Amino acid sequence: MPLAPAGLLLAALAAAPPLVDAGAALPGAVLDLRYAGPRNPAGRPLYPAARCLLLGPVADRLARASAALAARGLRLVIWDCYRPLSVQRELWSLRPDRRYVADPARGSNHNRGAAVDVSLADAGGAPLPMPTDHDAFEVRARPGAADGLSPVQLANRATLRAAMEEAGFAQNRGEWWHYDAPEARGAPLLDLPLDGAHSR
């Protein structure tokens, strides 16, 4: 007998890898989850809760990066973590351009709980000058961009990259703020809710 929709959801939850609340485990981090508010391409909240959920080993990597930055008097700003595939489809409908948004047919590592969008803040939590804001669809968003950027912006970008790469993340080729973890390889695309389902 085919499973009812509720049964299908329960089966999907049982098969999915657990996601951990990385934000709760990083007391020094600044949680500025853009898709939980209006400061994103949709102009409205796309998430029902401001939570940074990640695969366990990815959360551990993020904690190491955060600790390395804290030792320098800096704080990690978290803009995005796990992103449900349904939200990925919505972002694609707004900007169907593979240069800036992953095609949901293939998915993003955000949909696997294995990517983060991050920036930097000072010890008091004030954002530091960076090349662009989050989700900036422009040339300056590229990790190697230099034209029009100040020495301070370039130095802050380099500091962030060093901490993230030391923790085992790889920088996305098109966005200075996006980092992928090696745990993305083989991880399934997920469309689990952000309001607490299948997380610990």
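The values are calculated or read from the model by the stated rules, or taken from the named source; none is laboratory data. Just so we're clear, the structure is a prediction, and the values are computed from it rather than from any experiment. Every residue, glycine as well, gets a Cβ built from its backbone with ideal geometry; the counts of neighbours run over all protein chains shown.
Quick look at the numbers
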| quantity | calculated |
| --- | --- |
| For ALA126: the one exception among (1) surrounded by 13 or more Cβ atoms within 10 Å (Cβ to Cβ); (2) within 21 Å of LEU69 (Cα to Cα) | (1) |
| Of all residues making up region 51-90, the number that are closer than 16 Å to ASP135 by Cβ and among the aliphatic types (A, V, I, L, M) | 3 |
| The lone exception for LEU8 - which of (1) on the phi < 0 side of the Ramachandran plot; (2) out of contact with any Asp or Glu (no Cβ under 9 Å at 6 or more places or on another chain); (3) modelled with pLDDT of 95 or more it fails | (3) |
| In region 154-171, the residues that are outside any helix (DSSP H, G or I) and without any contact (Cβ under 8 Å) to a residue 40 or more places away in the chain | ALA170, GLN171 |
| Within region 151-200, tally of residues that are polar (S, T, N, Q), modelled with pLDDT under 95 and closer than 15 Å to HIS110 by Cα | 0 |
| Test: residue in region 158-168 that is touching a Pro at 6+ places or on another chain (Cβ under 7 Å) and hydroxyl-bearing (Ser, Thr, Tyr) | no |
| One residue from VAL101, VAL139 being of a type in the set (Val, Ile, Thr) and within 18 Å of ASP80 (Cα to Cα) | VAL101 |
| Subset of region 87-128 [in contact (Cβ under 8 Å) with a residue 60 or more places away in the chain and over 21 Å from ALA22 (Cβ atoms)] | ARG99, TYR100 |
| Whichever residue in region 40-63 is among the basic types (Lys, Arg) and surrounded by 16 or more Cβ atoms within 10 Å (Cβ to Cβ) and, among such residues, is farthest from LEU91 (Cα to Cα) | ARG61 |
| Residue count, region 27-49 (criterion: touching a strand residue (DSSP E or B) at 6+ places or on another chain (Cβ under 6 Å) and among the aliphatic types (A, V, I, L, M)) | 3 |
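Okay, residues lined up against (1) within 17 Å of PRO127 (Cβ to Cβ); (2) free of Cβ contacts under 8 Å to residues at least 40 places away in the same chain:
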position	(1), (2)
PRO27	no, yes
LEU31	yes, no
TYR47	no, no
ARG51	no, no
ARG64	no, no
ALA68	no, no
ASP80	yes, no
PRO84	no, no
